[in-house]
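J.: Supplied in structure tokens, the structure appears directly below.
Rule-based calculations on the coordinates, nothing more; no lab input. Values in this document were obtained by computation on a predicted structure and should not be read as measured data. Counting neighbours? That spans all protein chains shown, and the Cβs are built from the backbone with ideal geometry, glycine included.
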Amino acid sequence: MDTWNICSLFLGVGNLLVWFGCLRYLGFFQTYNVLILTLKKCLPNVLRYSICITMLFAGYCLCGWLILSPYHIKFRSLSTTMECLYSLINGDDMFATFSSTSAKDPVIWWFSRIYLYSFISLFVYVILSLFLAIIMDAYDTIKRYYAEGFPKSPLQKFVEECQEDATSHVFREEGDRTIHDLVNSVCCCCLSRSSAARYCNVSCCCCCC
């Protein structure tokens, strides 16, 4: 790769990540963090749903590529097949895709019609609608949280259940020691050592006498 292409690649990706990182600062504002909270809420369900969609999409891609590649220009390779089917999901070039199929073989022509109609009906009217329903359900949940209050975390529930004060001896075991106890023990140890040293000095003086 050219050096300029590598630099432009890293520069472009870096700018993209920087602008994505700016979204976290909007999380401090209650009226601007709806997108972030909605994405966090729906992300697990979207990922699980995407696994099923990927399997169906891969099946249609391989089927169209293996059967229609000699008869349709948009199915000549696996990558162009994926691009063609993805554009059909978004409603692009539908008529061109139907009309570009070769009519030399009637079996292939009828198969292409059944293949395209079933793919468009399944992905546009069912899968895409369910995908949007998952996101809208998460959005409605976030709106309800704003109106009724967000659910409390397990730590907050535990703190509310505790009736004792934080300085109570209930939260201390017999072996627990505070900083005050540690300082007292160190001071007492130092005093006992100094007393023992003075006692030894006095004993030595008495012996010498």
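J.: Could you tell me which of rounded, prolate or oblate describes region 33-150, using a ≥ b ≥ c as the square roots of the eigenvalues of the alpha-carbon gyration tensor, with rounded for a/c under 1.5 and, failing that, prolate when a/b is larger than b/c and oblate otherwise? Before the final figure, lay out each step's value.
T.: Working: a/c = 3.52, a/b = 3.03, b/c = 1.16.
Here region 33-150 falls in the prolate category.
J.: Here is a follow-up. Which order results if Tyr71, Tyr117 are arranged by neighbouring Cβ count within 10 Å, fewest first? Walk me through the numbers before you get to the answer.
T.: Numbers: Tyr71 18, Tyr117 11.
Going from least to most buried by this count: Tyr117, Tyr71.
J.: In whole Hz, what ³J(HN,Hα) sequence does region 31-42 give by Karplus (6.51, -1.76, 1.60; θ = phi - 60°), x for Gly and Pro?
T.: Those phi angles translate into 8, 10, 9, 5, 4, 5, 5, 5, 5, 5, 6, 8 Hz.
J.: So how do Trp110, Trp4 line up by other beta-carbon neighbours within 10 Å, fewest first?
T.: On the way: Trp110 11, Trp4 8.
Listing Trp110, Trp4 from fewest to most nearby Cβ atoms yields Trp4, Trp110.
J.: Oh, and also: Take the Cβ-Cβ distance between Ser50 and Asp2 as r, set R0 to 30 Å, and report the resulting FRET efficiency rounded to the nearest 0.05. Each step should come with its number before you reach the end.
T.: On the way: r = 35 Å, r/R0 = 1.17.
In this case the efficiency is close to 0.30.
J.: Right, another one. Could you work out the local net charge near Glu83, counting Lys and Arg as +1, Asp and Glu as -1, over the other residues with Cβ closer than 14 Å to its Cβ? Spell out each step's value before the answer.
T.: Numbers: positive: Lys74, Arg76; negative: Asp92, Asp93.
Summing Lys and Arg as +1 and Asp and Glu as -1 gives 0.
J.: Related question: Quick one: order Ser112, Ser102, Ser69 by neighbouring beta-carbon count within 10 Å, fewest to most. Walk me through the numbers before you get to the answer.
T.: Working: Ser112 23, Ser102 13, Ser69 16.
Lowest to highest Cβ neighbour count: Ser102, Ser69, Ser112.
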